[in-house]
1. Within 10 Å of each Cβ of A:266-276, how many other protein chain Cβ atoms are there on average?
2. Quick check: from the Cα gyration tensor, does the stretch D:347-415 come out rounded (a/c under 1.5), prolate or oblate?
3. Treat the stretch C:173-304 as a sphere of radius equal to its Kirkwood radius over Cα pairs and apply Stokes-Einstein at 25 °C in a medium of 0.890 mPa s; give the translational diffusion coefficient in µm²/s, rounded to a whole number.
4. Working from the pairwise distances between different alpha carbons, so that the mean of 1/r is found and then inverted, what is the stretch D:6-240's Kirkwood radius in Å?
5. If you rank C:T248, D:T160, A:T144 by fewest surrounding Cβ atoms within 10 Å, what's the result?
6. At a 10 Å Cβ-Cβ cut-off, how would you order C:K89, D:K184, fewest neighbours first?
7. Using R₀ = 41 Å, calculate the FRET efficiency as 1/(1 + (r/R₀)^6) where r is the Cβ-Cβ separation of A:T152 and A:L30; round to 0.05.
8. Would you count, across the stretch C:244-358, every pair of lysines whose alpha carbons are under 30 angstrom apart, provided the pair is eight or more residues apart or spans two chains?
Amino acid sequence: MRQETLRRFISFGLLLLLVIIFSATTDSFLTWGNINTLLRECSVIGILAIGVTMAIITGGNDLSCGHLMGTVCMLFSFLYYYTGMSLIMILLISLLMALAGGLLNGFSVAVLQIPDFIATLSSQFIFAGLTYIFAIRNEYGSITQTQINNPTITALGGQIGSSGPYYVTIAFFVLAAVAQFFLKKTKRGTYIYAIGANRKSAEYSGVSFVKTKVTAFVISGLCAFIAAMFTLGRLHTSEVATGQTFALQAISASVIGGAAFTGGRGDMVGTTIGVLFMQVLRNGMRKYGFTTQVVAVVSGIVIVMVLVFDVYYNEFMQKRIKRAAAAAREKKAVSANG
Amino acid sequence: MKEKSGTNAAAGVKKLLANSRIIVLIVLVAFLSLTTKGKFFTYGNVVSILYSISLTGIMICGATFAVLLGGIDRTVSGNAAVCGAMAATVVLAFGQSNGGALVALLAGLACGIVSGFFHGLVLSRFAIPAFLLTLATNEVLYGIVQFITGNQLINVMRCDLMNWIGESRLLGIPIPVYILAVCFVVCYFVLNHTVYGRYVYATGGNRQASELSGIPTRRVIIIAYTISGFMGALSGFVMSCMNKQASASQAQGYENDVLAAIVIGGVSMRGGSGSLQGAMLGAVLIGVITNGLQLLGVPSIYHNLVKGVIIIVAIAWDMLSAARKSGTATNPFAGLFKSKKKVTA
Amino acid sequence: MKLKRLISVMTAAVLAFSVVSCGAANQQNSGGGGSQAPAETSTAAPSGGETASGGIGFKEGGKNPYTDPLKIAWIPTAASEANGTAWGKGIAQELEYWSNVEFNIFDGEKSAEKQTEIIADLIAQGYDGIVLQAWNSDACAQAVKDAEAAGIPVVCINIDVNTPHAGLVAMTDVEAGYAIGERIAADLGGEGNVVIIEATPGAARGENLQTGFKQAMENHPGINILDSQTAEWNMEKANTLMQNYLTTHGDQINAVFAHNDQMAEGAGEACKNAGRDDIMIWGANGETKALEYIEDGTITGTVYTNCYNQGATAARLLMMYIGSNIDTSSFSKTPVIKMPPMTVDKDNVGSITPDMRW
Amino acid sequence: MAEKDLLFEMREIEKIFAHVHALDHVNFDVRKGEVHALLGENGAGKSTLIKILTGVYPKDGGQIFLDGREVEITSRESAAALGIACIFQELSLVPTLSVYQNVMLGKEISKFGIVRASAERRQIQDLIDHYGFPVGANDIVETLSVAQMQMVEILKALATDARLIIMDEPTASLSSRESELLYKIIHQLREKGVSIIYISHRLEEVFNLSDRITILRDGKNAGVVEKENIVPSEIIKMMIGKEVSEATASRELKTSSAEPVLTLKNLTRLGAYNDVSFEVKRGEVVVLTGLVGSGRTEIVRTVYGADPYDSGEILLEGSPYSPKIGRSVATGFGLIPEDRRTQGFSPLLSVTGNVAVTNYDKLSKKGFVNRADEDALGHRAVELVDLRPPNPNVQVGNLSGGNQQKAVLGKWLTRDLKVMLIDEPTVGIDIGAKDEIYEIIERLSNEGVAVLMVSSDIAEVLRVAHRILVMRGGRITKEFNSGVATQEDILMASSGFTGEEGKEDAA
């Protein structure tokens, strides 16, 4: 069985196990209302995770996508509040900001050859700084917020009918499907795997490291823009701390879903499973009314157990395959000499 | 690992200057000394910078071991919080006596050692990304802190020893700075002058080859994370002394400052290269930037922006100069603009 | 015992509607650019919502708070913050009087998205009441509106949300800032320099304190704000920042205003080390340690609030709504109960008895 | 030299690395449909020249001509556009992608960016069937053996119907059977008019394959020889500038009378080796030879404690010994691993560092390191292995292949060893360095160390062994312990011929 499908089988199995446990022990988990809310909650992080997974597959990382999302939200509010621009213009400028953020990361990683970790750590500071600068202030200079009650934006936070799936959930799954197609079926997608798995060999075959890295980070910027719009749809405003913890959650989800920091591994199906896993865990824990400390300890331990089990199961399967192949070879040799 | 093969001081200084971070530091210091009309470069201000980085510095002494082995320890903050809370509870139980404080310190450090040992055990046996494991266990540690403190502030106002550590000064220099200096010297010695230090660099560079040349790589990794846990705990104890208080949200966010300093200090994330003095230099650089911005009265909202830009400039300069020196620097823009035109016939 | 409880609930309700804005902040906080600062004083009775019987009675088909099992949730901005825990204790103490209440705390993790997520989940789980310390008045507004629409009354503590809902029990940020500003101006005789140690930029409490303080400064042109930078709610960072302020401004500094007690204590330590005991240092919140620092003179004063009372009041208000037929979702304005900001300094710190300290 | 049939010409090429002249006015040309070998010791500039031709490094001087016209090669794309394909020594495949994806990397068949996978798969499968490669178009590369990966590398070159294919050490890890297949392919390519630049340390291969040989030494031209007047010893002299004797037959084999140091009794491990028993005596060099995958490396790793075994017994100096990797070094074992780059040394440590790390049992006092002792040991190791340039402070990762192997040897020579385990010591190492390594091995055995060596380089086996054991399919099938063994004897034994002509029983 290919290592990839094996890995995805494991993470899907663990997700299912978690759902079964929660459904069995509390009756308020497996209701459509709860599932619908659960899907809505994880979709924003899911959209960010799509971009982050791209960066991770190229053998890098993107610690700044959460902060970039915050900056885009704040810029939108800033333009919406202070300037009389039309919605289209504001959306365009916000999109350009997001892509510029992705380009900054791409440029410092690919052209300035700064390791991904340092580059996105530094751009994290830069985006946080920009968010403070775009913040709306009252005449005393204190940061305050304003409601954005523009119909199109507020509609983004809505759902189909009164209890149908939320638009953000639909957007997440559609984007994941598009990204999966991009990774597996297009040239640029293969290059992202190639650069991640073995940069030198990819470059020798004419794959441009610069262009591939820039593509991955610009996609991450685009995801940050889309996530920002849905966040605005949800909260109808933006505040300075928006999204600052999202990058770590997106990275955890991608890695649990099978992406590897060494590069060349991972895909959108795995990442989606990872995002759902984290959210089911968080949502489920809330059903028991544990104290906050129990929630923190138990969810941390569950993630550690998943990581250990995942690696252990892989090793076990790898050994079994090697031993089976060796046994086959041995049988062939014996039969030949016999 | 810096090879000291008897190159004389001049060559050493030359090598030092080649490191772009030193140059950025010198430029910053010069600029700040001028613009703050000499207030920057005073004894008091330098001491205040060292004081401001003493807590992260102690954590860096521990976390650098983990990064040199190609891992990361994000639980420095969790260990600090647990140790601070445990120490405060224990010292209160002993009626805030000095003896009680010592027992408290030992109890706190024990927590750090146990936590570090656990991480070493798991990370040396399973190929889990350390970034993710320590991210999850940091959550667990902060959950444990909430158990210990019950989410309340534990005030320790009357313990002389802890107050002495927290607020008094020797020759004008606060005690935490001495503690940082001692930690740095000890860890520097361990990394550069002991067998274990050499094993850390060997295992970080190539674990399989080190295993085959008889190095107990598993034990090396376990000890590294135990040291990191110990240092995180020690920093937590010093923090509680400074604040005369332990809280459930103590030291939150410090793991990012520690990681930033180590990475900016030139310690490679893949392990095997970089030095403790480099990591400490990273911390000093960030300390100087923050201090300078505060002295200049730059509004807080611009601090992040300036810090981000300076870091990118320093690292880019370092990377490009290294590539140019080794003759492999092809024109980076070649890949970007694919020349459509046929090759010049 | 139940009857006595009902009466006390009723009195609290009456108190809520005839709230008297105490303290000096009476003028309308206009706030430029349409930002509604939360501290509107409102004496309007809840318009609409009167049932046919014209009086306040039990909701038909609604839960009887004394017999039916109830689920109440408390969502602080961060479970690990001391004031959050104190409010939580206050609510818990109050709810002990009701035998059938299941009371759970959910960690807001300092994020509006997280609190919005929790509230949506509580609606799905069918909670009966929510007490919320909003991380951000606008970002949590939509979630509170959804909860109210689902028939769940939401009482906010300290930070209001910009949508009409069941009620707000405020610790008065703007008034507290204003009170400290006035007090510093008075002690300095209208002339002198102040440095400010800010909270993490964007944190609602910090921004409101700053607004209030600057409002007070408008009445005293002689007071000059030398510098205002952040120490991110953190004592050791405030210590370093204060040292830098001393380095830059030296003896020009006459007073320090920090957005919370821990930062004020950090500034106090820095001044003690620099041998500057002439500087007045003011914090906010009124934590136990700050009170002890006031007693031994390291910091000058703070604004104390009895968090336990505040929590209890919020719980009491919530329980009243749950039983009554008042449809809180139809309020046009949020009723506000103001916990009077008690300026505490060396003289009156003794009046805060140990059981009131948190 | 007739201008017209020249495909490629490089004139006065220069390249400077950190002010060291890697290439100094080098001339090199390739005719159409010609197999042109490029010979020279490691560090002579061979791979640097190739990297300039393939646009990996920019050249600092000189010109390159294609079909007589001057061309600039600035990047991989421009090289590929000119029809230059290259197979590098260290395998350059993408492990997580499939064979057809690897081969078509950079030249996908696609419409609007969407790859037509089925078309590519068919095209590659046809190519595989045409040349008879033992690989499937859909296999994932990381599941293939090293030999199969090498085949995919060649497939990549073929797929671009390149006009010039550069092969850098293609047969380093191929078995003789697989090498034969490669030679057949090279001949087919030559008929189709494709030119080939061939780089290999297996001189006999180069001599009978190439039409012309260019020799480089220390970055300068050292001569061009046509096929007719190839004289092996002459060419070697041009390569290293000094005399070397090329053994075609072994020395007088003998079973030494000394007491056995290492004894293996019916050692068995499922899938690796079966019922293996032999002894290695003090001061004796026993060589295990045979085809790739006959279980030799597994035996050495088991004795060193790196891999477990299922049954059988191991005795050290007569008493039972259960190998544990942690204690092997302490009990006097040394290991030169099969894959030098990933298992041999810590690349970021200097020579002194690597040597010290293995000798801390006698170097350190109570855990503390004495920098002076370390340097002394480093210098001694450099002298023992005659490292050139003799500077122990260079990071081993930056040394040439031969020097890296010497550094690994240096780790062990500074210890007093009981048993020295050596696994393919001279893969990818030039003639000069190989000779010095053999001398070191001889010095070790004269000092009384028991040497157990694995090698598939027949000349090397003859040159060094006191006793030769041939293995096939995990079993020892033949032992030469007396008289003189010739290259044919060993070749026949290792490929399963039992003396009668033409009958080859299954491997």
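Just so it is clear, none of the values below were taken in a lab; they were calculated from the coordinates. Only a predicted model underlies this, so the values are computations on that prediction, with no experimental measurement involved. As a convention, Cβ positions derive from the backbone with ideal geometry for all residues, glycine included, and neighbour counts pool all protein chains shown.
1. So the per-residue partner count for this stretch is 0.
2. Since a/c reaches 1.5 and a/b is larger than b/c, the shape of the stretch D:347-415 is classed as prolate.
3. My calculation gives 175 µm²/s for D.
4. One over the average 1/r among Cα pairs gives 18.5 Å for the stretch D:6-240.
5. So the ranking, lowest neighbour count to highest, is D:T160, C:T248, A:T144.
6. Neighbour counts put them in this order, fewest first: D:K184, C:K89.
7. 0.75
8. Final tally of qualifying lysine pairs is 5.
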